[in-house]
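J.: Can you read through this structure? Questions will come right after.
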Amino acid sequence: MVEISRRGLLAGSAAVAAATVVGARPALSSDATIEISSIWGPDKPFQKVVDAFNALKTGVTVTNRFDGDYETATAKALAGIAAGKPPAMMTTGWKFGYYARRTLGARDLNEIDSEKAASIIANFVPSLMPLVTIDGAVIGLPWAMSTPITFINSALWQEAGLDANLPDYPDTDWLYEAARKLDAALKGKHATYRSALALSNNEWTSQSFIQNAGGYIIDPDGKLALNSAEAVRGMELFCQPAHEGLWTPVSGKEQDAAFESGALAICTTSSTRAASFPFGAAKAITARFPGIPGQARKMNSGGNFLAVYARNDEQAKASLAFLEFCASAEGQKIWSEVGYLNTSVHDIPLINDFMKPAAGQLQDGLTAETIWPGKRGLEGQTIWRKWVSRMLMKEVDVQAGLKGAHDELAAVLQDA
Amino acid sequence: MTRSFVAKLAPWLFVGPAVLSVVVFLYGPILASAGLSVVDWNLLSPQVDFVGLNNYRSLLANTDFQLSAWNTFLYCVILVPAQIVLPLLFAVMIHAVRGSRMERVYRGSLFLPTILAYSVAGVAWSRLLNPINGLFNEVLVFFGFGPSRWHTDPDLALLCVCLVTFWKSFGLNMLLWIAALANVPDTLREAARLDGAGPWRRFFSIELPLISPTAFFISVTTVFSVLDDIVGVVDVLTGGGPAGRSSNLLYFLWQQGLQFFQFGPASAVAMVSIAIVLAITCAQFWFGEKRVHYQ
Amino acid sequence: MTSTASTASNAALRRGAVHLMLAALSLLTLFPLLWMLSAAFTPNELITQRAFRLWPEEASLSNFRIAGEKHPIWWWLFNSVLTASAITLGKLAISLPAGYAFARLPFRGRRFLFGLVIATMSFPAVLAIIPTYIAVVKIQAFDTYSAMIVPSIPYIGFYVFYFRQAFRSLPDEMFEAARIDGCGIWKQFRDIAVPNVLPAIAALSVISFMGAWNIYLWGQLVLEDSARKTLTTGIAMFADVDGADTPWGPLMATSLLSVLPVLGLFLLAQRYIVQAFSSGTVEK
C-alpha cells in the first residue's frame, strides 16, 4: 500500500511540474493511444514517466508493455512489425541501432516532424547525437546512458586490510593486485567470501578493455579492427584474472546474485547497479572502471533509446509528444532514478554518490558501445560473446580467438 | 441405402479431424521447412531469394553447427539410456512397496519436476549451480573439495544440462514403467518364486519380457522427447554456452530461426534433424520389432 | 529360527531398504524446489542476504502481493487455465473419435492413417516451429489465445495411441446388444464406448493439461502482451529483468502459484493415470 501511494504521489507531483514546464498543450485533433514495448516492468521508474505523462491528459495515452531484455524485445518487435502490428515505440539498445534502422525500419524523428524533433533534440548534449544517428537518420534520443564502473564490497575490502581510499583512476595492476590480496586474506577463511573478482563476461566490458588498450572492435570508419596489437593487449589483460583463477566467469544474473550475497568482492558492471547494489547485504563502494597501465583511458558507454516504429502518422506524431515529455527536465528527473547518467542539458542531481565514478567517466568522455553493423547485427553480438568466452576459458589463446572472432564477424556483417 | 452410406463414411468422419490436424500442423510445416531451407528470407525482407543448397553448404562448414550436432549425439548417448533404465529402477522400487501408504508420496515426489515449467526449473537450478556461491559448491567446499564451475565449465556444461533434463523429465517414463509392472500378473511372479527363482531372476525372466512392449514404446518416444526437453533446459540454464558447449541441433535451430530470424539456415537445420530422427526411428523399429514380446 | 521366519524377516528387511532408498530419492528430487518454497514466503530483502536458507526467517505472504503489483499474475493464472483447458479439450475432441475408429471401425487405409498419426509421437515440437510461427504472423493471429492454443492441439500421437488401446480392450459383447437395438455408430461411440474408458480419458486429460500448462518455447514466441501471458511464459519474463534487482521472493511466489494447480491435479488423478496406462498396455 505504502508503495502504491508513494508512486502515485511522485507521479502526481511530477505531472504538476511537467504541466508547468511543458505548458498546457491543446489536445491533438483526435485522441491517440500508443503502446511502448519496453525493457522495464510496471515497478520501474519508466512507468512513472509514463504515468506522469498520462496525467497531463494531452490527448495521447501511453501504455507500457514490458517485453524482457533488449534481445527478446527486438525479436518480438520483428514479429509485431511483420504481423502489421508494430509497437508505436520500443526501447532499443544502442548496440542494435543498425538493426533497428535497416531491418526493423525505425523511423527518422526528423521525417515525422522536423520542427518538433529539433526542439526535442535541443534538450540533449549535442556531442552525443552521433550515437543515435544511423545512416543519417535520428532514430532516438541519447538519454538512457550507462557505463561500466567498479563496485567493491567494502566489508570484505576492509577485512582483507585494503585501503578504503580508492584511487581516482584505478588500473588493472592495482585491481588485480587487490584481488590477489583479497584471495590470500579471505579465501577459505571468511563465511561468505567466495571469489575476488568478476569483470562481467559480456560484449561490453571486453570492449572497454580493448578501447582502453588503444584498440577498437569496430573502428571509426566502420571496419572490424580486432586484429590489432592493441586489441590483443586489451583482451590479454581482460582474460588474465580468469586464467589466474581470480575470476569465475558466470552469467550476469549469477554474478549479481553472488555480489549481493557477499560472496564476490569486486564486480565491474553497469553503473545502473548503483540503484541497487550498494543497498543489499553487500555494502558497496564504487570506483571508475580499471584502465590499462600507461594507456590513455577511452571508456565506452551503453544504453538505449525509444525508437519510433509506428507506421501511421497519427501514432508517430503521438510518439513524438511522449518523447517531448521524456526529454523535459521533469521527465529526465524521474528517468534518472533507473541509475542512468544525465545526458540532457538539464541540471539533474545524481541519484546517489555511488554514481560519481560514472559521472566522472562521462566527463572524461565516453564512446558508444559497439553498434553491430548490417542487417544481421543481432548475430554480431552473439558471435563476439562466444569468442570472448572461448578466450576466457582458454579454449583458444587470445591471438587466435581475436582472429576467429574477426573472421566470423566479417562474414556475418559484410552484407549490410 | 443412406444408412450403409453413413456407415461407410463414419470412420472417415471419426479419423478426419485427427488426420487433418497432424497433416496441416505437423507434416505441413516439415514440407514448408524443406521449402524455406533453400531460400534467403526473414519476415521483413521484401522478396524471397532462392539460394539453392547454399544454406546447407554453409551449414556443414559452420563450426557451431558441427558442435551442436556432436552434442546432440552426446546427449542421446548419455540421456536416452538414463531416461530408460533409471526410471525403470525407480518403478521397480515403487512397485516393491505397492500398497503401502508411502507409495503415493514417493510417486508424487518423483513426478513433481515433470510438471514444473522450464522457467521455474531454470530459476531453481541456477541458484544451486551458481559457480561462485551456489549450494552445490558450498557443499563441495564443506566436505573439503574444491568448488566446481558446473554449467559454466566447458567440460561439465553438457553434463549439467543432462542432469537437469533428467530431473525435469524422468517422471513420465517412470509412470509408464509402473503401469507396465502393475500389469504383470502376480500369479506368474508367485509361480516363479515357488520354482525357487530369486528376485533378479524373476525380474529378468518374467517381468522384463512381459513389459517389453512398454520398453519398445518408451525407447521410441524417449529419443525425441529428450531432444525436445533439452531445448527448454538449455534455454533457461546455459543459453547454449559456454561457447556452444551445451547447445544441440534443436537449440541451434531455435537460435538461428527465432532469435536471429535466419529462416533459411534454420530450416536447413530442421531438415537435417528430421533426417536424423527418421534414421533413428527406422533403426529402432528394425531392432525393436524382433525383440518385443507381445502378449 | 525356521527358514520361513528368516525369509519373512529378510523380505521385511529388503522392504525397509527399498523404503529408505525411495525416501532418499524423493528428497533428492524435491531438493531443488525446497529453496523455492522457502523463498516464496521470505520477505524479499532477506533473501539476497544469505545464499541459501531452507526455512523462511520471517514467513510472510507479502511476496504474493508484491508479485501481483509488479505483474498481472492473476491474469497469467487465468490464461494458463484457459489455454491448458482449451488445448486439452481440443486434443480429446479429435483423438477420442480417431482412437475409436482405429480400434473398432474397419475402413480402407486404416493402418496407413494410424501410422501417419502415431508417427508424430516422435516429432520434436521445435521442428515445426518456424513455419507455424510464420503462418501465425501472416494470418495476423500473433499474440492471440488462438495462436497459443490451436497449433498446440495436433500433438496427439500419444493420445490416439492410448485411446485406441483402451477402446480395443472393451469386450465386443458390449457393443453387440446395442447394435441389435439399432444404435448407430455415433451412439455406440458416445453412449457405450466413451463412458467405459473414463479412466483413460481422465488420465490423458491430466497429462495433456500438465503438458499444456508448461508450454514454454511456443508461448515465449507468440504471446506478447503481458496480460495475455501464461504463468510459464510470464515467469520467464519475470526472471528476465535486467539488472541486479531480481525480485527473488515475488518470483518464487509466482513459481509456486504455477506449480500448485498442476500438482493438485496430479495428486488427485495419479491413480487413474497409472490405471489407464496399465490397462492400455502397449501392444501391437
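The values are calculated or read from the model by the stated rules, or taken from the named source; none is laboratory data. What you are looking at is a predicted structure, and each value in this text was computed from that prediction instead of being measured. Neighbour counts are summed over all protein chains in view; Cβ atoms, including those assigned to glycine, are modelled from backbone coordinates with ideal geometry. Only protein heavy atoms, including side chains, enter the accessible area calculation; ligands, DNA and RNA are left aside. Shrake-Rupley method; radii C 1.70, N 1.55, O 1.52, S 1.80 Å.
J.: Determine, yes or no, whether B:PHE143 is open to solvent by 40 Å² or more (accessible area, probe 1.4 Å) and of a type outside the set (D, E, K, R).
T.: Numbers: open to solvent by 40 Å² or more (accessible area, probe 1.4 Å): yes; of a type outside the set (D, E, K, R): yes.
Spelling it out, B:PHE143 is indeed open to solvent by 40 Å² or more (accessible area, probe 1.4 Å) and of a type outside the set (D, E, K, R).
J.: So which of A:GLY262, A:GLY331, A:GLY280 ends up being on the phi > 0 side of the Ramachandran plot and either crowded, with 23+ Cβ neighbours inside 10 Å or at pLDDT below 90 (or both)? Lay out the reasoning, then the answer.
T.: Numbers: A:GLY331 fails: on the phi > 0 side of the Ramachandran plot; A:GLY280 fails: on the phi > 0 side of the Ramachandran plot.
Being on the phi > 0 side of the Ramachandran plot and either crowded, with 23+ Cβ neighbours inside 10 Å or at pLDDT below 90 (or both) holds for just one of A:GLY262, A:GLY331, A:GLY280, which is A:GLY262.
J.: Would you pick out the residues in the range A:125-145 that are surrounded by fewer than 21 Cβ atoms within 10 Å (Cβ to Cβ), assigned to a strand (DSSP E or B) and at pLDDT 90 or above?
T.: A:ALA137
J.: I've got another one for you. Whether any residue in the range B:115-128 is under 17 Å from the mean Cα position of the chain (by Cα) and surrounded by fewer than 16 Cβ atoms within 10 Å (Cβ to Cβ) is what I want to check.
T.: No, the range B:115-128 contains no residue that is under 17 Å from the mean Cα position of the chain (by Cα) and surrounded by fewer than 16 Cβ atoms within 10 Å (Cβ to Cβ).
J.: Within the range A:180-195, which residues are at pLDDT 95 or above and buried (at least 24 other Cβ atoms within 10 Å of the Cβ)?
T.: Scanning the range A:180-195 gives a single hit, A:LEU182.
J.: Here's something else I'd like to know. Would you mention how many residues in the range A:271-302 are assigned to a strand (DSSP E or B), under 21 Å from A:LEU156 (Cβ atoms) and not aliphatic (A, V, I, L, M)?
T.: Filtering the range A:271-302 for residues assigned to a strand (DSSP E or B) gives A:284-287, A:291, A:300, A:302.
Keeping just the survivors that are under 21 Å from A:LEU156 (Cβ atoms) gives A:284-287.
Still in the running and not aliphatic (A, V, I, L, M): A:286.
So the count comes out to 1.
J.: Take the residues in the range C:104-114 that are more than 7 Å from chain B (Cβ to nearest Cβ) and touching a residue at least 12 places away in the same chain (Cβ under 8 Å); name whichever of them is nearest to C:TYR162 (Cα to Cα).
T.: Initially, the range C:104-114 is screened for residues more than 7 Å from chain B (Cβ to nearest Cβ), giving C:104, C:106, C:108-112, C:114.
Still in the running and touching a residue at least 12 places away in the same chain (Cβ under 8 Å): C:104, C:114.
Working: C:ARG104: 14, C:PHE114: 12 Å.
Selected residue: C:PHE114.
J.: Scan the range A:366-386 for residues that are free of Cβ contacts under 8 Å to residues at least 24 places away in the same chain and open to solvent by 30 Å² or more (accessible area, probe 1.4 Å) and jot them down. Outline the logic, then answer.
T.: At the first step, the residues of the range A:366-386 found to be free of Cβ contacts under 8 Å to residues at least 24 places away in the same chain are A:382, A:386.
Across the range A:366-386, the qualifying residue is only A:THR382.
J.: If we keep just the residues of the range A:106-124 that are in a helix (DSSP H, G or I) and among the hydrophobic types (A, V, I, L, M, F, W, C), which is surrounded by the fewest Cβ atoms within 10 Å (Cβ to Cβ)?
T.: Step one: of the range A:106-124, the residues in a helix (DSSP H, G or I) are A:109-112, A:114-121.
The next check asks that each one be among the hydrophobic types (A, V, I, L, M, F, W, C); those that pass are A:109, A:112, A:117-118, A:120-121.
Numbers: A:LEU109: 25, A:ILE112: 19, A:ALA117: 19, A:ALA118: 12, A:ILE120: 21, A:ILE121: 18.
Ranking the qualifying residues of the range A:106-124, first place goes to A:ALA118.
J.: Turning to a different aspect of this structure: Filter the range B:35-73 for residues that are under 30 Å from C:GLY115 (Cα atoms) and loosely packed, with under 15 Cβ neighbours inside 10 Å; which is farthest from the other protein chains (Cβ to nearest Cβ)?
T.: Result: B:PHE73.
J.: While we're here: Sort through C:VAL117, C:VAL126 and tell me the only one that's within 7 Å of another protein chain (Cβ to nearest Cβ), farther than 25 Å from B:PHE14 by Cβ, touching a residue at least 40 places away in the same chain (Cβ under 8 Å) and more than 16 Å from the chain's Cα centre (by Cα).
T.: Details: C:VAL117 fails: farther than 25 Å from B:PHE14 by Cβ.
Matching residue, one of C:VAL117, C:VAL126: C:VAL126.
J.: Among the residues of the range A:307-321, is there at least one that is closer than 26 Å to A:ALA117 by Cβ and within 16 Å of the chain's Cα centre (by Cα)? Let's see the steps before the verdict.
T.: Here is the first cut: in the range A:307-321, the residues closer than 26 Å to A:ALA117 by Cβ are A:307-321.
With the extra rule that they be within 16 Å of the chain's Cα centre (by Cα), the set shrinks to A:307.
So far as the range A:307-321 goes, yes, one or more of its residues are closer than 26 Å to A:ALA117 by Cβ and within 16 Å of the chain's Cα centre (by Cα).
Here is a yes/no grid of residues against (1) in contact with a Lys or Arg (Cβ under 7 Å, 6 or more places away or on another chain); (2) in contact (Cβ under 8 Å) with a residue 40 or more places away in the chain:
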| site | (1), (2) |
| --- | --- |
| B:PHE50 | no, no |
| B:ASN55 | no, yes |
| B:LEU59 | no, yes |
| B:VAL77 | no, no |
| B:VAL80 | no, yes |
| B:GLN83 | no, yes |
| B:ILE94 | yes, yes |
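J.: Do we find a residue being among the acidic types (Asp, Glu) and surrounded by 24 or more Cβ atoms within 10 Å (Cβ to Cβ) anywhere in the range A:231-240?
T.: To start, the set of residues in the range A:231-240 that are among the acidic types (Asp, Glu) comprises A:236.
Narrowing further to those that are surrounded by 24 or more Cβ atoms within 10 Å (Cβ to Cβ): none.
No, the range A:231-240 contains no residue that is among the acidic types (Asp, Glu) and surrounded by 24 or more Cβ atoms within 10 Å (Cβ to Cβ).
J.: Tell me, which helices (runs of 4 or more DSSP H) wholly within the range B:85-166 include 2 or more residues that are modelled with pLDDT under 90 and within 11 Å of chain A (Cβ to nearest Cβ)? Before the answer, list the steps.
T.: Details: elements: B:102-111, B:118-129, B:135-142.
In the range B:85-166, the matching helices (runs of 4 or more DSSP H) lie at B:118-129, B:135-142.
J.: Here's a check for you: in the range B:206-218, which residue that is in contact with a helix residue (DSSP H, G or I) (Cβ under 6 Å, 6 or more places away or on another chain) and touching a residue at least 24 places away in the same chain (Cβ under 8 Å) is nearest to the other protein chains (Cβ to nearest Cβ)? First the steps, then the outcome.
T.: First, pick out the residues of the range B:206-218 that are in contact with a helix residue (DSSP H, G or I) (Cβ under 6 Å, 6 or more places away or on another chain): B:206, B:211, B:214, B:216, B:218.
Next, only the ones that are touching a residue at least 24 places away in the same chain (Cβ under 8 Å) stay: B:211, B:214, B:216, B:218.
Working: B:ILE211: 9, B:THR214: 5, B:PHE216: 7, B:ILE218: 9 Å.
In this case the residue turns out to be B:THR214.
J.: Take the conditions within 8 Å of chain B (Cβ to nearest Cβ), assigned to a helix (DSSP H, G or I) and under 30 Å from C:VAL274 (Cβ atoms) and apply them to C:ALA93. Does it pass? Don't jump to the end; show me each part of the working.
T.: Working: within 8 Å of chain B (Cβ to nearest Cβ): yes; assigned to a helix (DSSP H, G or I): yes; under 30 Å from C:VAL274 (Cβ atoms): yes.
Spelling it out, C:ALA93 is indeed within 8 Å of chain B (Cβ to nearest Cβ), assigned to a helix (DSSP H, G or I) and under 30 Å from C:VAL274 (Cβ atoms).
J.: Continuing with the same structure: Can you name the residue in the range C:204-240 that is in a helix (DSSP H, G or I) and among the hydroxyl-bearing types (Ser, Thr, Tyr) and, of all such residues, is farthest from the other protein chains (Cβ to nearest Cβ)? Break it down stepwise before answering.
T.: Taking the range C:204-240 first, the residues in a helix (DSSP H, G or I) are C:204-213, C:217-222, C:226-228, C:231-238.
Imposing the further condition that a residue be among the hydroxyl-bearing types (Ser, Thr, Tyr) reduces the set to C:205, C:208, C:226, C:232-233.
Details: C:SER205: 14, C:SER208: 12, C:SER226: 6, C:THR232: 4, C:THR233: 7 Å.
In this case the residue turns out to be C:SER205.
J.: Turning to a different aspect of this structure: Among the numbered criteria (1) open to solvent by less than 60 Å² (accessible area, probe 1.4 Å); (2) facing another protein chain (nearest Cβ under 8 Å); (3) farther than 22 Å from B:LEU253 by Cα, which one does B:ILE30 miss?
T.: The one condition B:ILE30 does not meet is (3).
J.: Among (1) without any contact (Cβ under 8 Å) to a residue 24 or more places away in the chain; (2) at the interface with chain B (Cβ under 9 Å from one of its Cβ atoms), there is one condition C:ILE180 misses while meeting the rest; what is its number?
T.: C:ILE180 satisfies all of (1) without any contact (Cβ under 8 Å) to a residue 24 or more places away in the chain; (2) at the interface with chain B (Cβ under 9 Å from one of its Cβ atoms) except (2).
J.: Identify all residues within the range B:228-248 that are closer than 30 Å to B:PHE50 by Cβ and within 9 Å of chain C (Cβ to nearest Cβ); write none if there are none.
T.: B:VAL231
J.: If you scan the range B:237-279, which residues turn out to be under 18 Å from C:ILE134 (Cβ atoms), open to solvent by 30 Å² or more (accessible area, probe 1.4 Å) and among the hydrophobic types (A, V, I, L, M, F, W, C)?
T.: B:MET271
J.: I'm told B:ILE132 meets every condition in (1) open to solvent by 30 Å² or more (accessible area, probe 1.4 Å); (2) over 17 Å from the mean Cα position of the chain (by Cα); (3) without any contact (Cβ under 8 Å) to a residue 40 or more places away in the chain except one. Can you identify the failing condition by its number?
T.: (1)
J.: Here's something else I'd like to know. Have a look at C:THR246, C:THR254, C:THR230 and point out the one that is surrounded by 20 or more Cβ atoms within 10 Å (Cβ to Cβ) and at pLDDT below 80.
T.: Details: C:THR254 fails: at pLDDT below 80; C:THR230 fails: at pLDDT below 80.
So the residue among C:THR246, C:THR254, C:THR230 that is surrounded by 20 or more Cβ atoms within 10 Å (Cβ to Cβ) and at pLDDT below 80 is C:THR246.
J.: For C:PRO199, are the conditions met, namely being over 27 Å from B:MET271 (Cβ atoms), part of a helix (DSSP H, G or I) and within 23 Å of the chain's Cα centre (by Cα)? Talk me through it step by step, then tell me what you get.
T.: Details: over 27 Å from B:MET271 (Cβ atoms): yes; part of a helix (DSSP H, G or I): yes; within 23 Å of the chain's Cα centre (by Cα): yes.
When the stated conditions are applied, C:PRO199 passes them.
J.: A follow-up question, please. B:THR222 fails exactly one of the following numbered conditions: (1) open to solvent by 10 Å² or more (accessible area, probe 1.4 Å); (2) of a type in the set (Ser, Thr, Tyr); (3) in a helix (DSSP H, G or I). What is the number of that condition?
T.: Only one criterion is unmet by B:THR222, namely (1).
J.: Separate question: Name every residue in the range C:151-177 that is more than 8 Å from chain B (Cβ to nearest Cβ) and under 23 Å from the mean Cα position of the chain (by Cα), in order of residue number. Break it down stepwise before answering.
T.: Restricting attention to the range C:151-177, the residues satisfying the condition of being more than 8 Å from chain B (Cβ to nearest Cβ) are C:152, C:159, C:161-177.
Selection gives C:SER152, C:TYR159, C:PHE161, C:TYR162, C:PHE163, C:ARG164, C:GLN165, C:ALA166, C:PHE167.
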